[in-house]
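Structure record follows, encoded as structure tokens.
The values are calculated or read from the model by the stated rules, or taken from the named source; none is laboratory data. Source: prediction; values computed, not measured. Counting neighbours? That spans all protein chains shown, and the Cβs are built from the backbone with ideal geometry, glycine included. When the accessible area is computed, the model is the full protein with side chains, heavy atoms only, and any ligands, DNA or RNA have been set aside. Shrake-Rupley method; radii C 1.70, N 1.55, O 1.52, S 1.80 Å.
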Amino acid sequence: MMSSTWYDAVVVGAGFGGLATALELTRRGARVALCETLNYPGGCASTFQREGHAFEAGATLSSGFEPHQLFGRWIREHGMAVTVEWLDPVVELRTPELRLPVHRDRARFIESLCALPGAPVSGIRRLFALQARVAGALWPLFDDPELLPPLDMKALLRHAGRAFQYAPLPRWMGRPLGAVLEHLGLAGFTPLRTYLDALCQITVQCGAAEAESLFALAAMDYYWRGTGHVRGGIGRLAEALARAVEHGGGTVLLANRVKSLTRVPGGWSVSARRGELRARHVVANLLPRGVTRLLGLPPEQLPRLGALSERIEEGWGAAMLYLVVRAPEHGDGGAHHLELVRNTSAPFIEGNHLFMSISGEADEGRAPVGHRTVTVSTHVPLKALARMSAEDQGRYLSGIQEHMHQGLEQLAPEWMAGLTHTMTASPRTYQRFTQREGGAVGGVPRRAGLANYRNLGPMQVMDGLWLVGDSVFPGQSTLATAVGGVRTAASIASRS
């Protein structure tokens with residue numbers, strides 16, 4: 001029998017994957033400690049303080065807030081002091097030629113696409129009919145995580161009862177969204193293609209031409225699946241989840257950097273800033289290279305993690321701008337999210353494509369009265385950065401950030417007119433803010449291919465050592481990492 005100093009699980013990293021794992025384990029009666037390097041939770045989806053202002057770490061929107069969805073249920077069941085604002089439009093796409101608000105009403109948005117000059121109306125309607133069937137089959141897996149692996153007999157029977165809903169999936173599995181657009185005669189309609197390229201870049205982490213069709217078609221429902229703005233910043237939800245872990249009997253240890261992980265009889269020793277913890281299971285809410293670093297092992301000794309790292313390195317870091325602006329004189333006072341594309345025929349990276357999250361008047365404490373804080377991000381290829389010297393990286397990123405400023409001036413001039421403060425960040429500084437190895441964002445790009453379906457459940461790296469986060473299925477959004485954490489907790493509980 002283990003002494004009282006042992007935990008059932010130690011969770012490393014208080015991003016949303018780690019928070020969800022810890023919360024679900026405490027719900028199941030486990031003794032849990034959650035360790036976080038920073039003095040606030042949330043990871044990539046946190047709200048941090050600098051010079052009296054509060055910024056979102058990443059420019060993003062979060063979903064899952066409807067009453068039947070995961071975050072909506074948790075807010076209700078745990079009595080969380082979290083207010084979600086339903087924005088309309090949810091986001092606005094802007095290019096030099098186009099202003100396309102994405103309204104909360106799906107049908108209204110589709111009609112706005114159909115009303116654009118030269119719109120291939122029949123093809124658009126067929127696309128969204130297919131998309132609705134795919135999203136209708138796949139989104140319930142997020143709404144009810146028990147339908148995701150590990151599957152018990154009850155879940156298998158429920159899937160059997162849903163077989164008709166899965167009928168549209170096999171035809172397009174392993175093929176790119178671009179093939180769907182070609183099939184429907186939509187590849188040449190620039191407004192739709194621009195919208196899909198922008199959406200895919202921030203959800204499945206690649207353009208529509210190469211995005212795995214089922215992932216992309218499901219992601220097209222993102223703005224209509226309980227997506228909203230957390231008043232005060234997404235960090236408010238992370239803080240509420242951390243408190244819920246504590247109320248459930250768990251221990252939350254912020255500012256407690258984990259230094260190493262070592263196998264010991266009966267489990268694991270976790271060496272951290274505040275001392276040693278021992279646990280039967282360790283859950284790492286880290287990138288694969290963060291796990292190998294804590295283990296003190298070269299990646300080649302853990303080939304599964306090494307292969308996953310290589311896929312992540314095919315993806316992105318982020319160049320960031322954190323701004324303080326005076327609110328436009330005739331604004332509505334709400335939070336806003338803008339997607340800006342300067343050149344629709346160029347790659348949606350390196351400052352050509354920007355995602356912009358702007359705080360609202362009701363986000364008290366984030367900016368002085370009459371001002372807003374703004375987070376702006378663009379993707380930069382990790383492989384390009386890896387080939388550069390530190391000096392070349394600096395020049396490259398400075399050029400991108402200048403390009404970002406130009407895009408903001410061109411496509412969001414009403415916000416830039418009142419600019420009062422600018423702070424820049426590179427993947428290196430993003431790593432410092434979020435503790436992400438290499439400043440990588442977004443996890444594994446979901447490019448077309450059947451490899452996306454090989455590992456659909458929780459990932460056990462070694463006996464009792466688990467990986468959660470955006471590099472593990474379902475990953476790639478705040479909600480998805482939380483759902484993955486819930487399923488990882490279920491896997492751990494089934495082995496206890």
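Quick notes
- Solvent-accessible area of the range 53-130 (1.4 angstrom probe, protein heavy atoms only): carbon and sulfur portion equals 53 percent.
- Kirkwood hydrodynamic radius of the range 325-450, Cα pairs, Å: 16.2
- Among 166-175, 182-191, 280-289, 139-148, the order from most to least packed when residues are scored by Cβ within 10 Å on average: 280-289, 139-148, 182-191, 166-175
- Note on the range 1-142: the C-alpha convex hull projects to 13.5 nm² when averaged across all orientations.
- Shown here: the range 89-143, whose C-alpha atoms stretch 38, 25, 16 Å along the first, second and third principal axes, sorted largest to smallest.
- A Stokes-Einstein calculation at 37 °C with viscosity 0.692 mPa s, built on the Kirkwood radius of the chain over Cα pairs, returns a diffusion coefficient of 142 µm²/s.
- Two-site label geometry, Leu297 and Leu169: point separation in nm, points 7 Å out along Cα→Cβ: 3.1
- Quarter of the Cα convex hull surface for the range 137-271, i.e. its orientation-mean projected area (nm²): 13.6
- Proximal charge balance of Leu295 [Cβ under 15 Å; K/R count +1, D/E count -1]: +2
- Within the chain, DSSP assigns beta bridges of which about 75% are antiparallel (rounded to the nearest 5).
- Mean accessible surface per residue for the range 12-77, computed with a 1.4 Å probe while every protein chain stays in place, in Å²: 31
- Helices meeting the span-like rule in the chain (full DSSP H runs, Cα extent of at least 20 Å along the helix axis, mean Kyte-Doolittle score of -0.5 or higher): 121-143, 478-494.
- Leading residue at positive end of dipole, the chain (Cβ point charges), from Val264, Val341, Ile202: Val264
- Kirkwood-Stokes translational diffusion coefficient of the range 225-297, alpha-carbon pairs, 4 °C, 1.567 mPa s, µm²/s: 89
- Full-stretch length increase - Glu182, Arg395 - with 0.36 nm per residue and alpha-carbon distance subtracted: 72.8 nm
- The range 214-283, accessible area per residue, ligands and nucleic acids excluded (1.4 Å, Å²): 37
- The separation of the range 276-344 from the range 41-79, counted between C-alpha centres, amounts to 15 Å.
- Multiplying the residue separation of Arg326 and Ala129 by 0.36 nm and removing their Cα-Cα distance gives an extension gain of 66.7 nm.
- Carbon plus sulfur fraction of accessible area for the range 357-496, probe 1.4 Å, in percent: 50
- Taking the square roots of 5 times each eigenvalue of the Cα gyration tensor of the range 187-248, largest first, gives ellipsoid semi-axes of 33, 13, 9 Å.
- Taking every Cα-Cα distance in the range 422-494 and sorting them into 5 Å bins starting at zero, the pair-distance distribution P(r) comes out as 3, 14, 20, 21, 18, 13, 7, 3, 1, 0 percent.
- Simple rule: put +1 on each Lys or Arg Cβ and -1 on each Asp or Glu Cβ in the range 49-167, find the dipole, and look at Ile75, Pro140, His159; the Cα lying farthest toward the positive end is His159.
- Each Cα pair under 8 Å and six or more residues apart adds its sequence gap; the mean of these over the residue count of the chain is a relative contact order of 25 percent.
- The accessible-area ordering, largest first, of the residues Cys206, Cys44 stands as Cys44, Cys206, per a 1.4 angstrom probe.
- Rough spin-label spacing in nm, given labels placed 7 Å along Cα→Cβ, for Asn343 and Ala307: 3.8
- Antiparallel bridges, percent of DSSP beta bridges restricted to the range 1-145 (to nearest 5): 60
- Relative contact order of the range 1-160, defined on C-alpha pairs under 8 angstrom at six or more residues apart (%): 11
- Rounded to the nearest 500, the 222 nm mean residue ellipticity of the chain from helices alone is -11000 deg cm²/dmol, with -39,500 (n - 2.57) taken per DSSP H run of at least 4 residues.
- Two numbers describe the Cα atoms of the range 272-361: Rg and Dmax, which are 20.9, 59 Å.
- Farthest positive-ward along the range 331-476 dipole, Cα basis, beta-carbon charges - from Phe355, Ser471, Thr424: Ser471
- Fully extended contour minus Cα-Cα distance, from Glu314 to Trp6, at 0.36 nm per residue: 107.0 nm
- Sorting 156-165, 344-353 by average packing, meaning the other beta carbons within 10 Å per residue, from highest down gives 344-353, 156-165.
- Charge dipole magnitude, Cβ of K and R +1, D and E -1 - the range 106-146, Cα centre, debye nearest 20: 340
- Summing Cβ point charges (Lys, Arg +1; Asp, Glu -1) relative to the Cα centre of the chain gives a dipole of roughly 1360 debye.
- Packing-based order for 68-81, 315-328, 378-391, using average beta carbon neighbours within 10 Å, highest first: 315-328, 68-81, 378-391
- Estimated inter-spin distance, Arg274 and Ala362, nm [label 7 Å along Cα→Cβ]: 3.4
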